[in-house]
């Protein structure tokens with residue numbers, strides 16, 4: 001096991017297990033009562049930078065605007081910290097004209113609305129890798145059976161629980177009207193959230209298909225002014241939710257993933273502190289299982305990797321890992337990947353413990369016109 | 001905030017009101033017509049944006065009966081997805097004979113944290 005991993009492991013395990021359900025609060029209620037919420041998306045730009053502990057990327061519906069922060073150790077044992085900004089540009093720019101009726105009736109509207117773009121940057125913090133990396137990504141969701149906007153059960157639940165009270169009198173002052181609406185809003189928030197939790201629990205593992213692409217840039221000395229082209233990546237993930245298969249329908253999801261990465265400057269495992277150019281092709285699968293405790297998610301991942309370094313022989317290897325995600329608070333997840341590699345011709349097969357904090361939050365309020 | 005007056009043309013007949021809820025979010029609405037003193041509410045329309053019924057409807061039966069009446073609307077918007085990063089938008093549009101009524105467009109938009117409860121109020125002045 002690598003030194004970095006050895007150093008990080010106790011800290012990670014401490015954090016993972018110390019954050020017991022009930023110790024933290026999620027919107028005023030103990031975490032243990034919350035449902036599975038892998039609501040921090042795996043940013044497409046993080047994917048190409050290799051900063052997601054999971055290699056097989058999980059399809060997820062985009063948000064209009066989201067930010068994710070990720071700190072962790074990469075597969076070469078180097079610590080990186082990064083930030084990604086994700087947005088769904090169509091909804092951001094033209095969303096005021098996109099009604100739910102148009103979304104449901106038009107495939108083109110759905111495709112445009114689900115298209116996510118992202119930009120991410122990551123900085124290495126170890127002597128072996130001080131590089132600064134930058135990536136832009138685009139992520140198309142062609143098909144998503146778990147799309148909440150298409151969920152008729154969720155719509156029906158909203159119809160039932162979101163009720164108007166008696167008409168708000170026009171004789172009230174503006175302030176009194178605002179207060180009354182705010183009061184009603186808080187009551188309805190709780191009711192609507194219960195509908196969403198039910199929907200999310202039913203749809204967390206539905207089948208879907210995404211395709212992504214991301215160009216990237218790197219500055220080996222870490223100076224952002226010296227960014228150079230670092231190739232790009234194309235990938236696709238196809239998720240199968242075992243629909244109509246008893247037991248598995250509610251508890252498992254199989255994700256198949258393929259990725260091509262070209263012209264990447266990767267740390268040279270044979271000469272520490274130096275980089276080599278390489279192309280790589282990756283194919284793998286990930287089986288996600290929902291345990292009885294909704295604050296955890298488990299995945300078993302297997303990946304075949306074909307690497308073609310410049311001026312060296314191509315290499316084939318495989319990688320198997322067990323991934324655990326632990327919800328710490330709302331939108332803050334700790335991800336740990338424990339596994340090993342085998343089959344590398346250079347003999348540099350490694351066991352690894354990869355960790356990251358995934359923290360998603362929204363800053364979209366700053367984009368809203370003044371006065372709103 | 002001073003009372004908002006919406007000038008309605010007597011010649012163009014009964015105005016129509018349309019409610020458009022964007023960002024592909026769930027929405028429902030209710031509209032009331034009140035007498036000039038702000039009493040005796042009559043429900044003009046109620047609906048949801050997820051059915052096939054157009055969210056456009058006439059306000060009242062006769063334009064003359066609208067003189068100095070108050071018209072209020074309440075809108076509930078709910079995000080389909082959980083978590084942050086959601087937006088909402090709603091637009092209320094008044095038209096007469098298909099033409100926009102001057103000052104008859106009300107836009108609401110912003111960050112959506114689960115549910116947004118909106119409302120608006122105008123006094124109708126028939127001219």
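With the requirement that a residue be surrounded by fewer than 22 Cβ atoms within 10 Å (Cβ to Cβ), at the interface with another protein chain (Cβ under 7 Å from one of its Cβ atoms) and on the phi > 0 side of the Ramachandran plot, what does the range B:84-113 give you?
Of everything in the range B:84-113, just one residue is surrounded by fewer than 22 Cβ atoms within 10 Å (Cβ to Cβ), at the interface with another protein chain (Cβ under 7 Å from one of its Cβ atoms) and on the phi > 0 side of the Ramachandran plot, namely B:110.
Considering each residue of the range B:8-35, count those that are in a loop (DSSP other than H, G, I, E, B), more than 7 Å from every other protein chain (Cβ to nearest Cβ) and over 20 Å from residue B:58 (Cβ atoms), and give that number.
Our first condition is that a residue be in a loop (DSSP other than H, G, I, E, B); within the range B:8-35, this holds for B:9-15, B:22-25, B:35.
So of that shortlist, the ones also more than 7 Å from every other protein chain (Cβ to nearest Cβ) come out as B:9-15, B:35.
Now drop any that are not over 20 Å from residue B:58 (Cβ atoms), which leaves none.
Matching residues across the range B:8-35 total 0.
Is one or more of the residues making up the range A:228-236 closer than 30 Å to residue B:25 by Cα and either over 19 Å from the mean Cα position of the chain (by Cα) or crowded, with 18+ Cβ neighbours inside 10 Å (or both)?
The answer is yes, given that some residue of the range A:228-236 is closer than 30 Å to residue B:25 by Cα and either over 19 Å from the mean Cα position of the chain (by Cα) or crowded, with 18+ Cβ neighbours inside 10 Å (or both).
Examine the range A:299-309 for a residue that is surrounded by 18 or more Cβ atoms within 10 Å (Cβ to Cβ) and at pLDDT below 85, and state whether such a residue exists.
We begin by selecting, within the range A:299-309, every residue surrounded by 18 or more Cβ atoms within 10 Å (Cβ to Cβ); these are A:299, A:301, A:303, A:305, A:307, A:309.
Retained after the next criterion (residues that are at pLDDT below 85): none.
The answer is no; no qualifying residue exists.
Restricting to the range A:162-172, give me the number of residues that are loosely packed, with under 14 Cβ neighbours inside 10 Å and at the interface with chain B (Cβ under 8 Å from one of its Cβ atoms).
Looking only at that region, the number is 1.
Quick check on this structure: which one of A:149, A:114 is within 12 Å of chain B (Cβ to nearest Cβ), touching a helix residue (DSSP H, G or I) at 6+ places or on another chain (Cβ under 8 Å), under 20 Å from residue A:243 (Cβ atoms) and at pLDDT 85 or above?
One residue alone meets the criteria, A:149.
Quick test of your reading of the structure: residue B:115 fulfils all but one of (1) more than 15 Å from the chain's Cα centre (by Cα); (2) under 22 Å from residue B:8 (Cα atoms). Name the failing condition by number.
Evaluating residue B:115 over (1) more than 15 Å from the chain's Cα centre (by Cα); (2) under 22 Å from residue B:8 (Cα atoms) leaves (2) as the failure.
Got a sec? Which of A:258, A:283, A:192, A:239 is in contact with a strand residue (DSSP E or B) (Cβ under 8 Å, 6 or more places away or on another chain), assigned by TED's automatic domain parsing to the domain that holds residue A:166 and either crowded, with 19+ Cβ neighbours inside 10 Å or part of a strand (DSSP E or B) (or both)? Explain how you work it out, then say what you get.
Working: A:258 fails: assigned by TED's automatic domain parsing to the domain that holds residue A:166; A:283 fails: assigned by TED's automatic domain parsing to the domain that holds residue A:166; A:239 fails: assigned by TED's automatic domain parsing to the domain that holds residue A:166.
Answer to the selection: A:192.
Filter the range A:83-102 down to residues that are assigned to a helix (DSSP H, G or I) and either at pLDDT below 90 or touching a helix residue (DSSP H, G or I) at 6+ places or on another chain (Cβ under 6 Å) (or both) and give me whichever is nearest to residue B:19 (Cα to Cα). Show your work before the answer.
We begin by selecting, within the range A:83-102, every residue assigned to a helix (DSSP H, G or I); these are A:89-97, A:100-102.
From what's left, either at pLDDT below 90 or touching a helix residue (DSSP H, G or I) at 6+ places or on another chain (Cβ under 6 Å) (or both): A:90-92, A:102.
On the way: A:90: 21, A:91: 19, A:92: 20, A:102: 15 Å.
Among residues in the range A:83-102 that are assigned to a helix (DSSP H, G or I) and either at pLDDT below 90 or touching a helix residue (DSSP H, G or I) at 6+ places or on another chain (Cβ under 6 Å) (or both), the one nearest to residue B:19 (Cα to Cα) is A:102.
Of these, B:47, B:85, B:27, B:60, which one is closer than 28 Å to residue A:110 by Cβ and touching a helix residue (DSSP H, G or I) at 6+ places or on another chain (Cβ under 7 Å)? Write out each step before concluding.
Working: B:47 fails: touching a helix residue (DSSP H, G or I) at 6+ places or on another chain (Cβ under 7 Å); B:27 fails: touching a helix residue (DSSP H, G or I) at 6+ places or on another chain (Cβ under 7 Å); B:60 fails: closer than 28 Å to residue A:110 by Cβ.
Answer to the check: B:85.
Do the conditions hold for residue A:233, that is, is it more than 8 Å from chain B (Cβ to nearest Cβ), touching a residue at least 60 places away in the same chain (Cβ under 8 Å) and either outside any loop (DSSP other than H, G, I, E, B) or touching a strand residue (DSSP E or B) at 6+ places or on another chain (Cβ under 8 Å) (or both)? Spell out how you get there, then give the answer.
Working: more than 8 Å from chain B (Cβ to nearest Cβ): yes; touching a residue at least 60 places away in the same chain (Cβ under 8 Å): yes; either outside any loop (DSSP other than H, G, I, E, B) or touching a strand residue (DSSP E or B) at 6+ places or on another chain (Cβ under 8 Å) (or both): yes.
Spelling it out, residue A:233 is indeed more than 8 Å from chain B (Cβ to nearest Cβ), touching a residue at least 60 places away in the same chain (Cβ under 8 Å) and either outside any loop (DSSP other than H, G, I, E, B) or touching a strand residue (DSSP E or B) at 6+ places or on another chain (Cβ under 8 Å) (or both).
Among (1) part of a loop (DSSP other than H, G, I, E, B); (2) within 9 Å of chain B (Cβ to nearest Cβ), which single condition is residue A:159 missing?
(1)
Answer with yes or no whether residue B:53 is under 23 Å from residue A:156 (Cβ atoms), more than 7 Å from chain A (Cβ to nearest Cβ) and surrounded by fewer than 20 Cβ atoms within 10 Å (Cβ to Cβ). Break it down into steps so the answer makes sense when it comes.
On the way: under 23 Å from residue A:156 (Cβ atoms): yes; more than 7 Å from chain A (Cβ to nearest Cβ): yes; surrounded by fewer than 20 Cβ atoms within 10 Å (Cβ to Cβ): yes.
So residue B:53 passes the test.
Which condition from (1) touching a strand residue (DSSP E or B) at 6+ places or on another chain (Cβ under 8 Å); (2) at pLDDT below 95; (3) more than 10 Å from every other protein chain (Cβ to nearest Cβ) is the one that residue B:62 breaks?
Residue B:62 satisfies every listed condition except (1).
The values are calculated or read from the model by the stated rules, or taken from the named source; none is laboratory data. Here the structure is a predicted model, which means the values were calculated and not measured. Glycine also receives a Cβ, built like all others from the backbone with ideal geometry; neighbour counts cover every protein chain displayed.
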